[in-house]
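The values are calculated or read from the model by the stated rules, or taken from the named source; none is laboratory data. Values in this document were obtained by computation on a predicted structure and should not be read as measured data. Cβ placement follows ideal geometry from the backbone for every residue including glycine, while neighbour counts extend to all protein chains displayed. Surface areas here come from the heavy atoms of the whole protein model, side chains and all, with no ligands, DNA or RNA. Shrake-Rupley method; radii C 1.70, N 1.55, O 1.52, S 1.80 Å.
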Number of protein chains: 2
Amino acid sequence: MRIFIAGVDGYLGWSLAQHLAARGHEVAGADVFLRRQWVEEMGSWSAVPIADMKERLQGFRQRHGRELRFWEGDLRQYGVVEEIFKEFQPDAIAHLGECPSAPYSMVDVHHTVFVQTNNIISTLNFLYAMRDIRPEAHLLKLGTMGEYGTPPIDIPEGFFEVEFRGRRAHLSFPRQAGSWYHWSKVHGSNNIAFACKIWGLRSTDVMQGVVFGTRIDEMENDPRLLTRLDFDQAFGTVVNRYCCQAVINHPLTPFGRGHQIRGFLPLRDSMQCLTLALENPPKVGEYRVFNQLEETYGVTDLALKVQKVAGQLGLDVEVQNLENPRQELEEHYYKVDHQHLLNLGYKPTHDVEAEMRIMLKDLMRCSDRIEAKKNALIPDVRWDGTRKKVHFLESVAVAASV
Amino acid sequence: MRIFIAGVDGYLGWSLAQHLAARGHEVAGADVFLRRQWVEEMGSWSAVPIADMKERLQGFRQRHGRELRFWEGDLRQYGVVEEIFKEFQPDAIAHLGECPSAPYSMVDVHHTVFVQTNNIISTLNFLYAMRDIRPEAHLLKLGTMGEYGTPPIDIPEGFFEVEFRGRRAHLSFPRQAGSWYHWSKVHGSNNIAFACKIWGLRSTDVMQGVVFGTRIDEMENDPRLLTRLDFDQAFGTVVNRYCCQAVINHPLTPFGRGHQIRGFLPLRDSMQCLTLALENPPKVGEYRVFNQLEETYGVTDLALKVQKVAGQLGLDVEVQNLENPRQELEEHYYKVDHQHLLNLGYKPTHDVEAEMRIMLKDLMRCSDRIEAKKNALIPDVRWDGTRKKVHFLESVAVAASV
């Protein structure tokens, strides 16, 4: 298949390019390197040093014996998307080219507007390019489990049967996102479902859990092939951040009471799932939603796991809760359907501690880089609009009763 | 109260300014005159001639004995919104400043992106300005009944109690909008609800039915005070378009089978309802949704009513269905709660035919202007992405069995 990856310079994008190439697909990509700028703006950098795109492409060619066709361009410009579609004629588009940060979207009005418009416009451009140039192409769109929030009922995969006043309907499951970023993903989901309905396009909308991991096997130890790993407050996801904290003997920092439950999956599982979705496209006209996660965990439970694995590697770290900069339920019901990908053959890794061991070993080699930017580990972007570092809480970490 | 009207040059905005002033409120407004440009772009103009803003403001001053403070500025620029808030310190914001056209949003990718970003950004700017400058102000946001689409179950006012797998939740009612414009309103609703939740803002989100009418009493016959009345395919709503068709002996044109049912209300009822919402604000932190309509009608039934009233005025017009340029259900269940405004004291006009008589008399004086742009009456913007005039259907108009 000819697969176009939007955001190919990113954490998932660069990994997916390699995973797909190793399976024999023809891969192209675009990026305008905004992620590198955003992380710099947050006072940080990737813990794992990453090469520039020219070197990355050379490494890719050597490893896979083929070119990755690359466009440096802004996907908010329809002309850029149109040119790519006309030249590459993709069978599938993996849209990983959005701004993926809740805190970044909460900084101020300009960041909110940027994140929402950036994410909406690129998706609209893809939908139009599909309609007019590749109507049978498959849009694999990265959404987030955060679209659903934490409702007091089970979370189905996108849709549910509801009875109301004696009549029944099959409806989209109501979303309760928790940041401007998460809402941008809801807006995108709504737009995609509508395009599929009126134009007969096909799309898989991936409600992805929180990804963690430093590598997939295809990267081996080629520094040009390694993907970025962020640990700052805005772009560092929770387990990645814990592992970066552990290697510099910084406390692991669940937010608030720390009993928040989320879906998680290792980077290698994310690649496995995205590939399954790409290789098993929906029917023409179908809009389908996959909840993409390996399992749900409490954020303190994961901190305790990182602490345990770190201990085995000789790293002695505390778990110490931080004041929660977000507004979110810290104790809640959480039960998520995630059967669609299992039905397609997804084999979850399950051994979270083994993955953490790999991560910690990788990151121990990067501890100087983390140490140099450790100020970025502690959040100051607060959901109430103020910007002030959060403080450590007195309370002792307690595992969530999942 | 000090009430700021975004889009004060528009069909609703100019009417609301006068209605509120007559009730003793202090009114300010902003506009950048995009509506005038959009209608011109669609090859049309207002059937009722309208004055420029300078003359309008003079007329307003003479009629109400007070100034309407006016800003000519683009509400997508946060600096403009911030300045207005700092200077006027509004108690309430009536946000009527969005692009309100489904067909306009369906023209091409550039129109889609424009409508969605224009509508989202202005609303985000208001939410931030409220948070930072007027946190107790009330945002009255114009949404649309079109956010809900036509689900096979009753439509509540924004939220419903749902049971799923034996657990219950109070959730936002799933939206099924039918155009990029209607989705922009859903995106806005989602953003507003979130801001109320995290920042304790208050807002009334109005799911308004289709408005019709040429005037409210406050305008008398001062040409500076009359509001615009559009009849083109993009900005002319259905009853307004029928009345314009009638006065030039053009067939009245329901789309498709013509059994679509929608909520409707006269312009004077819209003013009554918006004012009730403004004068009875929600609690601090409350996000509430009002379904704002007088009654539901089939679009053919309304055509037959216009035909009947026109006949009484000596106008002999046919009802002739047009090929439907939209993708929508032409036969569907439709039952809508609309109790909240009645509870606040809304007294619906109910005499739709009397309103049509007023409209037809007003528009008979404007028939030359409608005749001059009658090409704009027949749609060519199609939901499938093509642009081609629709043709008349053979079938005879039949009233929907409501």
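Below is a table of values for the structure above.
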| read-out | value |
| --- | --- |
| Max mean-square fluctuation residue, GNM over chain A, Cα-Cα springs under 10 Å, options A:347, A:305, A:374 | A:347 |
| Interchain or long-range residues, amide H under 5 Å from residue A:336's placed H | A:155 |
| Contact order relative to length of chain A, as percent, for alpha carbon pairs under 8 angstrom and 6 or more apart | 20 |
| Whole-Hz ³J(HN,Hα) from phi, Karplus 6.51 cos²θ - 1.76 cosθ + 1.60, for the stretch A:377-383, glycine and proline x | 6, 9, x, 10, 7, 10, 5 |
| About the Cα centre, charge dipole magnitude for the stretch B:162-215 (Lys/Arg +1, Asp/Glu -1 at Cβ), debye | 120 |
| Cα gyration tensor category, rounded, prolate or oblate, for the stretch B:309-363 with a/c compared to 1.5 | oblate |
| Radius, Kirkwood style, for the stretch A:20-111 when every pair of distinct Cα atoms is counted (Å) | 15.4 |
| Within straight-line cross-link reach of residue B:361, lysines at Cα separation under 30 Å, skipping those fewer than 8 residues along the same chain | B:54, B:305, B:308, B:347, B:373, B:374, B:389 |
| Relative contact order %, the stretch B:276-354, counting alpha carbon pairs below 8 Å whose residues are six or more apart | 52 |
| Shape category assigned to the stretch A:70-188 from the gyration tensor of Cα positions, a/c cut at 1.5 | oblate |
| Gyration tensor verdict on the stretch A:206-307 (Cα atoms; rounded if a/c is under 1.5, prolate if a/b is larger than b/c, oblate otherwise) | oblate |
| Largest-first principal axis extents of the Cα set of the stretch A:229-274 (Å) | 32, 24, 17 |
| Per-q log10 I(q)/I(0), chain A, q = 0.08, 0.12 Å⁻¹ (Debye; single scatterer per alpha-carbon; no solvent) | -0.39, -0.93 |
| Amide H contacts of residue B:71 (H built 1.01 Å from N, under 5 Å, at least 5 apart or other chain) | B:29, B:30, B:31 |
| Spherically averaged projected area in nm², based on the convex hull that wraps the Cα atoms of the stretch B:245-398 | 11.5 |
| Alpha-carbon Rg with Dmax, taken over the protein assembly as shown, Å | 27.9, 95 |
| Per residue accessible area in Å² of chain A, where ligands, DNA and RNA are left out and the probe is 1.4 Å | 35 |
| DSSP H segments from chain A that extend 30 Å or more along their own axis, Cα-based, with Kyte-Doolittle mean of -1.0 or above | A:109-133 |
| Residues of type lysines that residue A:141 reaches as a straight line, Cα spacing below 17 Å, ignoring anything fewer than 8 places off in the same chain | A:185, A:197, A:283 |
| GluC sites (Glu not before Pro) within the stretch B:1-89: DSSP coil, no more than 13 neighbouring Cβ in 10 Å | B:67 |
| Relative contact order of the stretch A:213-261, defined on C-alpha pairs under 8 angstrom at six or more residues apart (%) | 20 |
